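Any read-out appearing in this document is the output of simple, stated calculations on the displayed coordinates, not a laboratory observation. Quick caveat, the model's predicted, so the values are computed rather than measured. Ideal geometry is used to build each Cβ from the backbone, glycine not excepted, and the neighbour counts take in all protein chains shown.
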Amino acid sequence: MHAWPQVYPLPRKDRDTGAMTGFVDLRSDTVTRPDEEMYRAIMAAPVGDDVLGDDPTVRALEELGAEVTALEATLFVPSGTMSNQIALAVHCNRGDAIILEEESHILYYEVGASAIIAGVVSWTLPSIRGAMDPNAVAARFLTEDLHRPATKLVCVENTHNRKGGAVIPLETLTEYRQIADTHGIKLHLDGARVCNAAVALGVPVATVTAPFDSVSLCLSKGLGSPIGSLLCGTEAFIDEARRWRKRLGGGMRQSGILAACGIVSLRGRIDRLAEDHLRAQSLTVGLENVAGLKTSPKDTETNIVLVHTEAPAAQWQQALANEGVACFPVASHTLRLVTHLNLSDADVTKTLDAFHAVATGFTP
């Protein structure tokens with residue numbers, strides 16, 4: 001049985017010095033907390049009933065999301081998982097087939113929802129750092145007959161979580177689009193961290209999203225919002241997606257108080273992701289020569305660092321927790337460290353010191 005993740009103390013501000021104390025939290029870029037700018041935006045947000053289409057702040061966020069991704073329309077939903085699953089349900093009929101990378105978030109972290117909600121068959125392919133071979137994708141397509149389902153959708157994750165925040169090359173995305181057009185297939189982007197991909201590539205977000213029929217963009221990973229994702233696509237796609245959101249219980253009322261945070265994220269938090277990438281690179285380089293560990297600076301493209309351990313990763317996790325650093329194992333001998341906007345250069349230094357201290361006294 002999967003153990004519930006260990007709960008760590010929250011960071012707190014010292015009353016005398018004003019400094020933040022507590023754990024350096026590298027578990028995910030979802031652990032960030034709203035800052036004063038977001039709280040001001042919440043307080044000032046005009047709201048209405050979004051299920052009835054009356055919330056002006058939600059409408060403003062959705063218009064901004066469409067502008068950022070250069071897609072026709074956008075829908076604000078509570079989570080990235082709901083966003084992905086709505087996309088599958090709109091693009092596919094029950095019994096249709098989809099193609100996924102074998103360690104994709106949709107397959108690995110969404111609790112079998114694609115089988116339960118959309119009722120699709122999932123064909124998986126291996127990859128090199130999250131990028132499936134376009135020829136292998138094309139070869140996996142099935143046409144419908146008496147015995148087999150038709151392939152209706154290809155899903156791509158960019159950046160790829162379990163591959164260490166890997167960026168899928170733009171030329172590969174273009175090849176997926178060409179193949180999809182040839183076969184009449186739709187493309188969906190699980191772009192939970194698509195803004196990280198765009199910043200790493202030095203291009204606008206719309207350049208990364210351009211090949212896709214639908215895009216899921218998470219506001220609470222890296223961009224600092226407390227809740228929410230955007231599902232983007234054509235007007236007709238979003239009209240049907242809105243029905244699925246209601247069907248799944250995702251219709252919210254005065255959700256402008258959340259959408260206000262999303263507006264702050266999209267207007268001012270994308271370019272600063274480069275700081276997270278630099279800190280991730282500093283961690284990777286700093287850990288290269290620590291005994292019992294292996295990292296790869298060339299493979300740390302964005303804000304996720306994979307640290308391979310000779311001893312069980314769970315033992316490293318506990319020892320690091322004792323030194324004030326929180327992280328997760330993602331495999332039996334692999335730790336994941338994720339940088340985000342609530343971290344500082346001092347936190348990077350503290351983390352490296354903690355790893356060195358553990359390595360010095362740690363007996364595998």
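Observations
- Across K221/K350; K221/K246; K163/K298; K221/K298, pairs whose alpha-carbon gap is larger than 18 Å: K221/K350; K221/K246; K221/K298
- Cleavage-rule hits (GluC sites (Glu not before Pro)) in the range 80-168: DSSP loop, at most 15 neighbouring Cβ within 10 angstrom: E102, E144
- From the Kirkwood radius over Cα pairs of the range 36-268, Stokes-Einstein at 4 °C and 1.567 mPa s returns a whole-number translational diffusion coefficient of 73 µm²/s.
- Dipole of the range 248-322 computed with +1 at Lys/Arg Cβ and -1 at Asp/Glu Cβ about the Cα centre; of T302, L273, Q315, farthest Cα towards the positive end is L273.
- Among L273, L170, L88, residue whose mean-square fluctuation peaks in a GNM of the chain (springs only between Cα atoms under 10 Å): L170
- Here the label points at H356 and S332, each 7 Å from Cα along the C-beta direction, are separated by 3.2 nm in the simple model.
- Computed from the C-beta positions of E144 and E72 and an R0 of 30 Å, the FRET efficiency is 0.60 to the nearest 0.05.
- Against the chain, whose longest principal axis is taken from its Cα atoms, helix 235-247 shows a tilt of about 70°.
- Of interest is the spacing of the C-alpha centroids, which for the range 252-268 and the range 76-93 amounts to 19 Å.
- Cβ-derived FRET efficiency at R0 22 Å, L248 paired with Y39, nearest 0.05: 0.15
- Scattering from the range 102-186 was approximated by placing one identical point on each alpha carbon and applying the Debye formula without solvent; log10 I(q)/I(0) at 0.24 1/Å stands at -1.32.
- Folded to 0 to 90 degrees: helix 56-69 orientation relative to the chain principal axis, Cα: 90
- The fraction of all Cα pairs in the range 26-76 landing in successive 10 Å bins from 0 to the largest distance is 22, 35, 37, 6, given as whole percents.
- With the gyration tensor restricted to C-alpha atoms of the range 258-364, the semi-axes of the equivalent ellipsoid amount to 28, 14, 13 Å, longest first.
- Gain upon complete extension [D181, A314; 0.36 nm per residue less C-alpha separation]: 43.4 nm
- Residue of N342, N289, N161 that the Gaussian network model of the chain assigns the largest fluctuation, springs spanning Cα pairs under 10 Å: N289
- If you run the Gaussian network model on the chain, springs between alpha carbon atoms under 10 Å, then out of Q317, Q85, Q281 the most flexible one is Q317.
- Stretchable slack from R129 to V111, in nm (0.36 nm times residue separation minus alpha-carbon distance): 4.2 nm
- The dipole here belongs to the range 87-168: it is taken about the Cα centre, uses +1 on the Cβ of Lys and Arg and -1 on the Cβ of Asp and Glu, and is about 60 debye.
- Beta bridges by DSSP in the chain, antiparallel share as percent, to the nearest 5: 55
- Where the alpha-carbon atoms of the range 244-306 are placed on the principal axes, they occupy 53, 27, 15 Å, in descending order.
- One chain, two ends: N289 and D345. Fully extended at 0.36 nm per residue, the span grows by 18.2 nm beyond their Cα-Cα distance.
- Longest to shortest principal axis, alpha-carbon extents of the range 40-159, angstrom: 54, 33, 27
- Rounded to the nearest 20 debye, the dipole size of the range 36-268 about its Cα centre is 420 debye, using +1 on the Cβ of Lys and Arg and -1 on the Cβ of Asp and Glu.
- Rounded to the nearest 10 degrees, the angle from helix 256-268 to the longest Cα principal axis of the chain is 70 degrees.
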